[in-house]
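Just below is one structure, and these are the notes that go with it.
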Amino acid sequence: MFTGLVAELGTVQRLARQGNSYHLTVGAKKVLENLKIGDSVAVNGACLTVVRMDDSSFTADVMPETVRLTNIGSLQPGSRVNLERTLRLCDGLDGHIVSGHVEGLGTIYEQRPEGIAVVVTISTPPELLKYIIKKGSIAIDGISLTVTEVTDTSFSVSLIPHTAKETTLGLKKVGDSVNLETDILGKYVERMLTWHQKQEGKTDTLDMNMLLENGFV
């Protein structure tokens with residue numbers, strides 16, 4: 001479990017392909033503190049397991065499913081990546097609940113300045129967009145951000161200077177892909193309501209009355 005608060009920018013040292021999988025080696029500093037073989041690290045929002053490490057880097061296996069759903073397969077030596085260690089019970093939850101299970105890719109459609117911030121608009125597949133709501137949370141390349149606008153084909157977030165400086169989003173440009181993980185709570189609500197409807201033999205649609213009747217609001 002993660003929070004979407006990036007600990008540091010790591011640097012890809014090696015991406016070795018083996019069939020449909022990869023061995024990814026990332027240079028880092030902060031996340032290596034007390035890191036052990038078998039621990040998890042979020043790399044651009046994808047939860048990966050450490051299989052080897054030394055004083056300046058760690059290596060993780062990237063399985064085919066992760067390659068299909070993320071932009072990790074397009075990384076090259078020198079690419080910067082967002083890194084985060086798993087949430088500990090003593091840590092504060094300053095971001096939001098992030099599982100590290102990337103669901104798919106979005107594409108940066110527009111970047112525009114707005115005061116001190118930069119508004120980033122991301123084109124998004126319909127199967128993910130349905131879980132994204134205005135003022136809700138979204139993990140973009142593992143970064144916990146608040147959604148500012150949603151359309152039929154995209155959503156927008158606003159980056160403060162600190163976020164742009166300390167994460168890969170400050171390095172991205174229009175046309176680049178980003179890993180997306182929507183808010184897990186919305187998916188659980190949908191699943192529970194769908195299951196309830198099937199058990200009761202109902203075909204009701206998901207609306208405010210249904211949420212009230214089942215104690216979700």
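The values are calculated or read from the model by the stated rules, or taken from the named source; none is laboratory data. Keep in mind the model is a prediction, meaning the values are calculated, not measured. With ideal geometry, Cβ positions are generated from the backbone for all residues, glycine too; neighbour counts draw on all protein chains shown. Calculation scope for accessible area: heavy atoms of the full protein, side chains included, ligands and nucleic acids excluded. Shrake-Rupley method; radii C 1.70, N 1.55, O 1.52, S 1.80 Å.
For Ser74 paired with Thr11, estimate the spin-label separation in nm (one decimal), with each label point 7 Å from Cα along the Cα-to-Cβ line.
Once both label points are built, they end up 2.3 nm from each other.
Rounded to the nearest 10 degrees, what's the angle between the helix 184-200 long axis and the longest principal axis of the chain, both from Cα atoms, 0 to 90?
40
For every other residue with a beta carbon closer than 12 angstrom to the beta carbon of Gly73, add +1 if it is Lys or Arg and -1 if Asp or Glu, then tell me the sum. Walk me through the intermediate numbers first.
Working: positive: Arg17, Arg68; negative: Glu65.
Surrounding charge for Gly73 is +1.
What lysines sit close enough to Lys173 to cross-link, taking a C-alpha to C-alpha distance under 20 Å and skipping anything fewer than 8 places away on the same chain?
Qualifying lysines at Cα under 20 Å: Lys165.
Kindly provide the helix-only [θ] at 222 nm of the chain, computed as the sum of -39,500 (n - 2.57) over DSSP H runs of four or more divided by all residues, to the nearest 500 deg cm²/dmol? Before the final figure, lay out each step's value.
Details: 5 runs with 39 residues, N = 217.
Value at 222 nm, helices only: -5000 deg cm²/dmol.
Any idea what diffusion coefficient region 120-204 gets from Stokes-Einstein, in µm²/s, Kirkwood Rh on alpha carbon pairs, 20 °C, 1.002 mPa s? Write out the running numbers ahead of the final one.
Working: Rh = 14.3 Å.
For the chosen part, D equals 150 µm²/s.
For region 1-105, what value does the Rg/Rh ratio take when both radii are computed over Cα atoms and Rh is the Kirkwood radius, given to two decimals? Numbers along the way, then the final one.
Values: Rg = 12.9 Å, Rh = 13.7 Å.
In region 1-105, Rg relative to Rh is 0.94.
Give the accessible area for Leu32 in Å² (nearest 10); use a 1.4 Å probe, count only protein heavy atoms, and leave out ligands, DNA and RNA.
About 20 Å², ignoring ligands and nucleic acids.
Quick one: order Tyr188, Tyr22 from most to least accessible surface, probe 1.4 Å.
Most to least solvent-accessible, the answer reads Tyr188, Tyr22.
Give me the mean projected area, in nm² to one decimal, of the convex hull enclosing the Cα positions of the chain. Kindly include the intermediate steps, with their values, before the conclusion.
Numbers: hull surface 55.8 nm².
Convex hull of Cα atoms, orientation-averaged projection: 14.0 nm².
For region 59-145, restrict the atom set to alpha-carbon positions and state the Rg and Dmax in Å.
Computed over the Cα atoms of region 59-145, radius of gyration and Dmax are 14.8, 41 Å.
Suppose all protein chains stay in the model; what accessible area per residue would a 1.4 Å probe give for region 1-89, in Å²?
Numbers: 4550 Å² over 89 residues.
Per residue, region 1-89 has an accessible area of 51 Å².
Across region 8-52, what fraction of all alpha-carbon pairs, as a whole percent, falls in each successive 10 Å bin from zero upward?
24, 62, 13, 1
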